[in-house]
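Asker: I am attaching a structure below and will ask some questions about it afterwards.
The values are calculated or read from the model by the stated rules, or taken from the named source; none is laboratory data. Just so it is clear, the structure is predicted and the values come from calculations on it, not from any experiment. Ideal geometry is used to build each Cβ from the backbone, glycine not excepted, and the neighbour counts take in all protein chains shown.
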Amino acid sequence: MEKKNWSDLWLSYGKVTELGGARVLALDGLNAESRIIKSAVAELKRGLKGLADIELVTDGTVANSGEKITLIREPSIPKEGYEVVSSGGELKIKASDDNGILYGVFALLRHLAMGQSLESLNEKSSPSNPIRMMDHWDDMDGKIERGYSGDSFFFENDEIIVSDRIVDYARFMASIGINAVAINNVNVRGAATFLITDRFFSKVKEIQDIFADYGITLYLTINFASPIEIGGLETCDPLDEKVITWWKDKSKEIFEKLPGVGGYLVKADSEGRPGPFTYGRTQADGANMLADAVKPYDGIVIWRCFVYNCTQDWRDYKTDRARAGYDYFMEFDGAYRDNVILQIKNGPMDFQVREPVSPLLGGLKRTNQMLEVQIAQEYTGHQIDLFYLIPMYKEVLNFHTYCNEDCDTVADIISGKAMGNKNAGFAAVINTGNDYNWTGNDLAAVNLYGFGRLAYDTSLSAETIAREWVRLTFSMDRNSEDILVEMLLDSGKIYEKYTAPLGIGWMVTPHYHYGPSVDGYEYSRWGTYHRADHHAIGVDRTDKGTGYAQQYYKKNAEMYNDPDTCPEELLLFFHRVPYTRKLKSGKTLIQHIYDTHFDGAEEAKELAAKWDSIKNAVPSDVYERVAERFKLQIENANEWRDQINSYFYRKSDIPDEKGRKIY
Ligand code: GCU
């Protein structure tokens, strides 16, 4: 093993209890030579040793059952699920497949690390979502698009680097139930186009093998124009016979060189990437052509729905970017192959702090769907500002789409329950890099941990997940733990308060996406306008406006269409509202903007103070790194407060009732 210069995150396995002695491992119905079982056994050994000073021995006689841990194949347990039970002192981990055993081992170690007694263990769990995926936006030059934690640990100078860090990465992912990873950026350019050629196959295979040891399927993000850029063809038209043949041959080669690869993730016709539209074809034509090519190998095509016009004229009031996903994809509901999954961002715009749930989710009724969220904090504070994202994801998962009479939430759709399909799941744009602590801000690791846990079990609460992460990461007293959990749970609301108000979104520094720039996107081509004038702000997306609200099923469409029933936190997403409108609190809109911004900036300071109050409960290097970030967060929050408040004061000419300082 290389000398480590990276943290062990939540798998540090520091001693929590001194049980000591030996336990004998037995396998029942499992193949000891399976790569995943080997990993499970190695992890169990390592964890028991570190956490409780227990030696796990694989040979030896069992003095009594209390000294035995058995890994058992139990066919009745759902796919990738597990049971961890202690009976008569004997510990049993049961599953119907190897992944389930591995997850059961991690569950056992999690309980031990959480300080729970092994004697009373009885946990049954199985994954809510069939595919639980991390999408890396790593480029082959080593940079990470929207990366806030250093550079890539997969790529450097257009080469693949294979290191022990990837082994630890795979362990972390398996420990939270991730079973799929795409290693390269959705924007496939330059060397990355050649990941599906001999130039890189052998190195990709090395990463694939590491992943396979931990039950993780590797996916590759492909360039839709590969037939031109690699194959020397003049077109990548998905209906052209030569193109079809090229992808069939290429897929055969890929699946031969990388047996077990999951398939392709595709960003097409989006933000300058090539795609079927160039040839007058549909998104379904493109996705289905690739799906047919990978079908013989049980491959899957994950096709992203982030398709919109990014060369809009700001003077154009008719085009509404929010409508785009639905407008492009709904028409072909039912026309996508069984092995195509449409990957849909949680909101119709782009990972803003507050957006409604995309109407495509559940709008589609005969198409496989996957939810895409972003734990990389592109619009949510760059892993400088604290933003625990799991509460936001819970809201998305619990949203009733009304696509069925019951079984209609986003969680029901992406689990495959709503449509009875197996190709479905939950994906996140990951927040890791080669920084010592993996996630830039040590506290941002809670989103990495939390996404995996939530994807495996969508019924877990945001608080449960936060508490698990805190306890597994830091061994702190209960009072400090409570403080940190509370900080995490409050963090998203605080950030929302001091940034763009009530779902209007954007107002960020263009391209970079950190810090305020109220009009930064107002006169640009990206379709993200707030249209503030002297009287009012917001885009009318009702039936009298762009009609976006009508993309939802009736109940939601009606709710959003009426400013009185529209959830207030989304008021400015759906409506154009005068500054003088009274909100439910009795305050005017403008006063609400002032108050939330003054409060939010104040609460950012309080977060920093709370961190100081638990200084002695965390390692000093962690304290320092995070304290440094809170300093920056306070500056950022002040900047947002002053720019937003000044902007709206100058537009509206309405003073703050409380007479606070506005510039
Ligand atoms: C956002 C982000 C881009 C990214 C894109 C995507 O627009 O800023 O960096 O490529 O989303 O999801 O494809």
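Asker: Restricting attention to the stretch 520-539, which residues are in contact with a Phe, Trp or Tyr (Cβ under 8 Å, 6 or more places away or on another chain) and of a type outside the set (A, V, I, L, M)?
Answerer: Within the stretch 520-539, GLY520, TYR521, GLU522, TYR523, SER524, ARG525, GLY527, THR528, TYR529, HIS530, HIS535, GLY538 qualify.
Asker: Here's a follow-up. Identify, please: which residue in the stretch 361-371 is in contact (Cβ under 8 Å) with a residue 60 or more places away in the chain and crowded, with 24+ Cβ neighbours inside 10 Å and is, among those, farthest from the ligand (Cβ to nearest atom)?
Answerer: Restricting to residues being in contact (Cβ under 8 Å) with a residue 60 or more places away in the chain and crowded, with 24+ Cβ neighbours inside 10 Å, the top hit is GLY362.
Asker: Moving on. Looking at GLY425, GLY433, which is the one that is within 15 Å of SER7 (Cβ to Cβ), under 19 Å from the mean Cα position of the chain (by Cα) and not hydroxyl-bearing (Ser, Thr, Tyr)?
Answerer: Residue meeting the stated conditions: GLY433.
Asker: Give GLY262, GLY299, GLY275 a once-over and let me know the one that is within 16 Å of the ligand (Cβ to nearest atom), of a type in the set (Gly, Ala, Ser) and within 22 Å of GLN369 (Cβ to Cβ).
Answerer: Unique residue meeting the criteria: GLY275.
Asker: Out of GLY547, GLY503, GLY538, which single residue is surrounded by fewer than 19 Cβ atoms within 10 Å (Cβ to Cβ), more than 16 Å from the ligand (Cβ to nearest atom) and small (Gly, Ala, Ser)?
Answerer: Exactly one of GLY547, GLY503, GLY538 is surrounded by fewer than 19 Cβ atoms within 10 Å (Cβ to Cβ), more than 16 Å from the ligand (Cβ to nearest atom) and small (Gly, Ala, Ser), namely GLY547.
Asker: Still on this structure, please answer the following. Kindly indicate whether any position in the stretch 1-11 is assigned to a loop (DSSP other than H, G, I, E, B), at pLDDT below 95, outside the structural domain of THR439 (by TED's automatic domain parsing) and among the aliphatic types (A, V, I, L, M).
Answerer: yes
Asker: Mind counting the residues in the stretch 574-606 that are among the polar types (S, T, N, Q) and touching a strand residue (DSSP E or B) at 6+ places or on another chain (Cβ under 9 Å)?
Answerer: The number of residues fulfilling the criteria is 2.
Asker: Do the conditions hold for SER96, that is, is it in contact with an Asp or Glu (Cβ under 8 Å, 6 or more places away or on another chain) and closer than 21 Å to PHE172 by Cα?
Answerer: It is false that SER96 is in contact with an Asp or Glu (Cβ under 8 Å, 6 or more places away or on another chain) and closer than 21 Å to PHE172 by Cα.
So that you can scan it fast, the table gives a plain yes or no per residue for (1) of a type in the set (Ser, Thr, Tyr); (2) modelled with pLDDT of 95 or more:
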residue	(1), (2)
VAL41	no, yes
LEU51	no, yes
ALA63	no, no
SER76	yes, yes
ILE101	no, yes
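Asker: Consider VAL294 carefully, then state whether it is over 24 Å from PHE351 (Cβ atoms), at pLDDT 95 or above and crowded, with 23+ Cβ neighbours inside 10 Å. Steps first, please.
Answerer: Numbers: over 24 Å from PHE351 (Cβ atoms): yes; at pLDDT 95 or above: yes; crowded, with 23+ Cβ neighbours inside 10 Å: yes.
Yes, satisfied.
Asker: Could I ask something else about it? Could you go through the stretch 91-108 and let me know if any residue there is under 26 Å from ILE207 (Cα atoms), of a type in the set (Phe, Trp, Tyr) and in the same structural domain as ALA22 (by TED's automatic domain parsing).
Answerer: Yes - at least one qualifying residue is present in the stretch 91-108.
Asker: Can you run down the residue pairs with Cβ atoms below 6 Å, 6 or more apart or on separate chains, where the first is in the stretch 134-147 and in the same structural domain as ASN431 (by TED's automatic domain parsing) and the partner is within 10 Å of the ligand (Cβ to nearest atom) and acidic (Asp, Glu)?
Answerer: Pairs found: TRP137/GLU145; ARG146/GLU378.
Asker: Check ARG304, ARG337 and return the single one that is in contact (Cβ under 8 Å) with a residue 24 or more places away in the chain, out of contact with any His (no Cβ under 9 Å at 6 or more places or on another chain), within 29 Å of PHE255 (Cα to Cα) and surrounded by fewer than 23 Cβ atoms within 10 Å (Cβ to Cβ). Walk me through it before giving the result.
Answerer: Details: ARG304 fails: surrounded by fewer than 23 Cβ atoms within 10 Å (Cβ to Cβ).
From the options ARG304, ARG337, the qualifying one is ARG337.
Asker: Across the stretch 271-289, what is the total count of residues that are out of contact with any Asp or Glu (no Cβ under 9 Å at 6 or more places or on another chain), in contact (Cβ under 8 Å) with a residue 60 or more places away in the chain and surrounded by 19 or more Cβ atoms within 10 Å (Cβ to Cβ)?
Answerer: Selection size over the stretch 271-289: 1.
Asker: OK, next. Give the residue, chosen from ALA601, ALA549, that is modelled with pLDDT of 95 or more, among the hydrophobic types (A, V, I, L, M, F, W, C) and closer than 19 Å to PHE648 by Cα.
Answerer: None of the other options fit; the residue is ALA601.
Asker: Right, next: Which residues, taken from the stretch 350-375, are part of a loop (DSSP other than H, G, I, E, B), within 24 Å of HIS513 (Cβ to Cβ) and in contact with an Asp or Glu (Cβ under 9 Å, 6 or more places away or on another chain)?
Answerer: Within the stretch 350-375, the subset part of a loop (DSSP other than H, G, I, E, B) is 350-359, 364-368, 375.
Checking the rest, the ones that are also within 24 Å of HIS513 (Cβ to Cβ) come to 350-358, 375.
Once the filter is applied, which keeps residues that are part of a loop (DSSP other than H, G, I, E, B), within 24 Å of HIS513 (Cβ to Cβ) and in contact with an Asp or Glu (Cβ under 9 Å, 6 or more places away or on another chain), the stretch 350-375 yields ASP350, PHE351, VAL353, ARG354, VAL357.
Asker: Test each condition in (1) among the aromatic types (Phe, Trp, Tyr); (2) within 22 Å of HIS530 (Cα to Cα); (3) in contact with a helix residue (DSSP H, G or I) (Cβ under 6 Å, 6 or more places away or on another chain) for TYR379 and report the one that comes out false.
Answerer: (3)
Asker: If the Cβ limit is 8 Å and pairs must be 6+ apart or interchain, which residue in the stretch 576-602 that is in a strand (DSSP E or B) pairs with which residue that is of a type in the set (S, T, N, Q)?
Answerer: LYS582/THR588; THR588/THR580
Asker: Something else now. Please enumerate the residues belonging to the stretch 168-187 that are part of a strand (DSSP E or B) and within 16 Å of the ligand (Cβ to nearest atom).
Answerer: Answer for the stretch 168-187, where residues must be part of a strand (DSSP E or B) and within 16 Å of the ligand (Cβ to nearest atom): just ALA182.
Asker: Next question, about the same structure. So which residues in the stretch 113-126 are within 27 Å of the chain's Cα centre (by Cα) and either part of a loop (DSSP other than H, G, I, E, B) or buried (at least 17 other Cβ atoms within 10 Å of the Cβ) (or both)? Before the answer, list the steps.
Answerer: Going through the stretch 113-126, the residues within 27 Å of the chain's Cα centre (by Cα) turn out to be 113-114, 123-126.
Passing the criteria: ALA113, MET114, SER125, SER126.
Asker: Could you grab me the full set of residues in the stretch 127-153 that are part of a strand (DSSP E or B) and more than 15 Å from the ligand (Cβ to nearest atom)?
Answerer: ILE131, ARG132
Asker: Just to be sure before I move on: is ILE465 under 20 Å from the mean Cα position of the chain (by Cα) and more than 30 Å from ASP320 (Cβ to Cβ) in the structure I sent?
Answerer: Criteria met by ILE465.
Asker: Name the single residue, out of those in the stretch 372-390 being among the hydrophobic types (A, V, I, L, M, F, W, C) and closer than 26 Å to ALA627 by Cα, that is nearest to the ligand (Cβ to nearest atom). Let's see the steps before the verdict.
Answerer: To start, the set of residues in the stretch 372-390 that are among the hydrophobic types (A, V, I, L, M, F, W, C) comprises 373, 375-376, 384, 386-387, 389-390.
Add one more test, that the residue is closer than 26 Å to ALA627 by Cα, and what stays is 375-376, 384, 386-387, 389-390.
On the way: ILE375: 13, ALA376: 9, ILE384: 17, LEU386: 21, PHE387: 17, LEU389: 16, ILE390: 20 Å.
Within the stretch 372-390, the match that is nearest to the ligand (Cβ to nearest atom) is ALA376.
Asker: Kindly provide the set of residues from the stretch 461-500 that are among the basic types (Lys, Arg) and crowded, with 19+ Cβ neighbours inside 10 Å, ordered by number.
Answerer: Within the stretch 461-500, ARG471, LYS497 qualify.
Asker: Quick test of your reading of the structure: LEU342 fulfils all but one of (1) within 16 Å of the ligand (Cβ to nearest atom); (2) farther than 26 Å from ILE131 by Cα. Name the failing condition by number.
Answerer: Evaluating LEU342 over (1) within 16 Å of the ligand (Cβ to nearest atom); (2) farther than 26 Å from ILE131 by Cα leaves (2) as the failure.
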